[in-house]
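The values are calculated or read from the model by the stated rules, or taken from the named source; none is laboratory data. Given the structure is predicted, the values throughout are model-derived calculations rather than measurements. All Cβ positions, glycine included, derive from the backbone under ideal geometry; neighbour counts span all protein chains shown.
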Amino acid sequence: MTEPKLTKDELDAFGEELDAVRRRILDDLGEEDAAYICNVVKTQRGLEVAGRALFYLPPAWPLAVAALSVSKILDNMEIGHNVMHGQYDWMGDPALSSRMYEWDNVCPSEQWKYSHNYIHHTYTNILGKDRDIGYGILRMDEDQPWHPYYLGNPLYAFLLMVFFEWGVAMHDLEVENIVAGRRKMSENKALHAGIMRKVKRQALKDYVLFPAFTGPLFPLTLAGNATANLVRNIWAFNIIFCGHFPAGVATFSQEECEDETRGQWYYRQLLGSANITGGKLFHVLTGNLSHQIEHHLFPDLPARRYPEIAAEIRDICERYGLPYHTGPLHRQLGSVARKICRMALPGRPRGQEHVVAEPVAA
């Protein structure tokens, strides 16, 4: 892929156009947005109640698992992720406040907001700064130094997918840096209490209390809760990886991103993201992270607005000669899987679609 380049004036104009889009949506927020998120919360809670109730009927076990799985996906993707970004703080509803919301996940919300909202969204795709590039486990870019450990890349990716919520919870502990001697165990002391408190709460809820409520059906309910968590983990992993690591998505060096202007920041967010095409229900179940480009550009806008502005963002990109990476789920999944396997090998494999984008043309 040819590396796109813009002059400083073009980048400034690009940034101004995107700022105008953001201001327009912020000025338009109102009753429809509030009603939407309240309806999603109502639906999520209804599905959870239905799933829990259906576990009392053994023949309905598959329906119970399906309802609980969708409930957990909605809580994780369309509600938790977006609420904790502050997308609905303007409503003044404590239940939808980014400062107070706690999701159905073993990762404490305060810890997640630091590693995701601050670290990832500030340093998106900057090697050495954005720890979401490989999550400290995988090699996802050829500029990450290769080590024989990475021959296990496909296996590590599979395990991360299956235990994704646990991987997210352990992310801030920076285990890889402790192993490499770049971080001390004592530096994690402040995180331990919060993580263990949340882990205990989630484990007690899903694997002790709710199964116990069903009495002799305890094993079935336990298996159902575990299956619902597994479904949510697999779904979240695949949607997130398809938005960050398919063909054409760029990474950046720290030197390239020094003293960024607003336009350069937007430029990096655009080139470091990819969308997934699909229908309305699909987008809702992804938390509209199927519009990862729009999310990286405007993380604080209600995600339901991303489909509304996607065509406009794509048109702006075309006018500036910038790529707008998008494709169906199966294609993005295939691209990510191939990258995971290729990055298990040393060197810069032939045909690798890595792009290191330069924020300002000379």
Filter the stretch 117-165 for residues that are surrounded by fewer than 19 Cβ atoms within 10 Å (Cβ to Cβ) and under 20 Å from N82 (Cα atoms) and give the result. N117, Y118, I119, H121, T122
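Where in the stretch 31-129 are there helices (runs of 4 or more DSSP H), lying wholly inside it, with at least 3 residues that are out of contact with any Lys or Arg (no Cβ under 8 Å at 6 or more places or on another chain), hydrophobic (A, V, I, L, M, F, W, C) and under 24 Å from F164 (Cβ atoms)?
In the stretch 31-129, the matching helices (runs of 4 or more DSSP H) lie at 31-54, 61-74.
Results for (1) of a type in the set (A, V, I, L, M, F, W, C); (2) modelled with pLDDT of 95 or more, shown as yes or no for each residue.
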| position | (1), (2) |
| --- | --- |
| P4 | no, no |
| F14 | yes, yes |
| D27 | no, yes |
| N39 | no, yes |
| V49 | yes, yes |
| R52 | no, yes |
| V65 | yes, yes |
| L68 | yes, yes |
| H85 | no, yes |
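Only one of these is of a type outside the set (A, V, I, L, M) and within 25 Å of P219 (Cα to Cα): D75, D93, D89, D33. Name it. Walk me through how you get there before you give the answer.
Numbers: D93 fails: within 25 Å of P219 (Cα to Cα); D89 fails: within 25 Å of P219 (Cα to Cα); D33 fails: within 25 Å of P219 (Cα to Cα).
Of the residues listed, the single one that is of a type outside the set (A, V, I, L, M) and within 25 Å of P219 (Cα to Cα) is D75.
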Counted residues, the stretch 55-113 - those being touching a Pro at 6+ places or on another chain (Cβ under 9 Å), farther than 21 Å from F298 by Cβ and buried (at least 19 other Cβ atoms within 10 Å of the Cβ): 1
Examine the stretch 137-160 for a residue that is polar (S, T, N, Q), closer than 30 Å to C38 by Cα, part of a helix (DSSP H, G or I) and in contact with a Lys or Arg (Cβ under 8 Å, 6 or more places away or on another chain), and state whether such a residue exists. no
Whichever residue in the stretch 85-138 is basic (K, R) and free of Cβ contacts under 8 Å to residues at least 40 places away in the same chain and, among such residues, is farthest from F241 (Cα to Cα): R99
